[in-house]
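Note sheet for the following structure.
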Amino acid sequence: MKLGDRIRQLREESGLTQGQLAQGSAVSQGYLSQLENGEVKNPSAAVLLRVAEAMQIDADELFEAAGYPTVRTLRRLYQGYESTVDDELLHYLAALSREKQRRLLSLLEGIEKLVEVEAAGAETLTTGQSGASASNIQAVAELSKVGN
């Protein structure tokens with residue numbers, strides 16, 4: 001819905017005339033008429049705020065209709081981007097230096113590869129298993145360095 005149509009709809013729902021709304025929002029009735037008719041392309045946020053306050057509505061109703069970003073709009077847009085990482089883990093990682101974070105990431109990637117190999121049912125138990133065991137020992141040794 002266009003801004004002008006939204007203002008008109010909300011004004012009528014509020015039971016206000018254009019004159020009453022214009023007076024309550026400190027804009028001229030002519031300007032309000034231009035807003036409602038879509039003749040004003042980029043109304044200022046200050047005008048929209050005053051109009052919203054005069055109608056006793058959330059200013060985001062008008063800001064969104066005018067195409068201005070609002071917190072509500074941004075939340076909706078970025079809802080799918082919220083972190084799925086455990087808060088305690090984030091705090092732990094934030095306390096580590098960048099170098100330790102990189103080392104830990106490298107170790108985790110190595111462990112992930114080992115798990116994938118084991119899940120795939122590695123066919124060679126002799127060299128593959130001893131290599132995996134050596135890698136596991138190396139991974140444990142590296143992990144002990146991360147917290148230091």
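Remarks
- Of all residues in the range 1-13, those being of a type outside the set (A, V, I, L, M, F, W, C) and within 19 Å of Pro69 (Cβ to Cβ) number 2.
- When residues of the range 74-113 are limited to those that are farther than 30 Å from Glu64 by Cα and β-branched (Val, Ile, Thr), the one modelled with the highest pLDDT: Ile111
- Meeting the requirement of 3 or more residues that are modelled with pLDDT of 95 or more and more than 25 Å from Val71 (Cβ to Cβ), the helices (runs of 4 or more DSSP H) wholly within the range 14-59 are 18-25, 29-36.
- Residue match in the range 60-83 (condition: aliphatic (A, V, I, L, M), outside any helix (DSSP H, G or I) and under 21 Å from Gln9 (Cβ atoms)): no
- Pairs with Cβ under 7 Å, 6+ apart, first in the range 7-27 and touching a residue at least 24 places away in the same chain (Cβ under 8 Å), second outside any helix (DSSP H, G or I): Leu10/Ile57
- Qualifying position, being surrounded by fewer than 16 Cβ atoms within 10 Å (Cβ to Cβ) and either farther than 30 Å from Gln101 by Cα or touching a residue at least 12 places away in the same chain (Cβ under 8 Å) (or both), among Ala46, Ala54: Ala46
- Among (1) touching a Ser or Thr at 6+ places or on another chain (Cβ under 9 Å); (2) more than 18 Å from Leu35 (Cβ to Cβ); (3) of a type outside the set (A, V, I, L, M) - the single one Phe63 does not satisfy: (2)
- Selection within the range 57-66 - touching a Leu at 6+ places or on another chain (Cβ under 8 Å) and without any contact (Cβ under 8 Å) to a residue 24 or more places away in the chain: Ala59, Phe63
- Residues in the range 97-115 that are out of contact with any helix residue (DSSP H, G or I) (no Cβ under 7 Å at 6 or more places or on another chain) and not basic (Lys, Arg): 8 in all.
The values are calculated or read from the model by the stated rules, or taken from the named source; none is laboratory data. None of these values were measured; they are calculated from a predicted model. We place every Cβ from the backbone using ideal geometry, glycine too, and count neighbours over all the protein chains shown.
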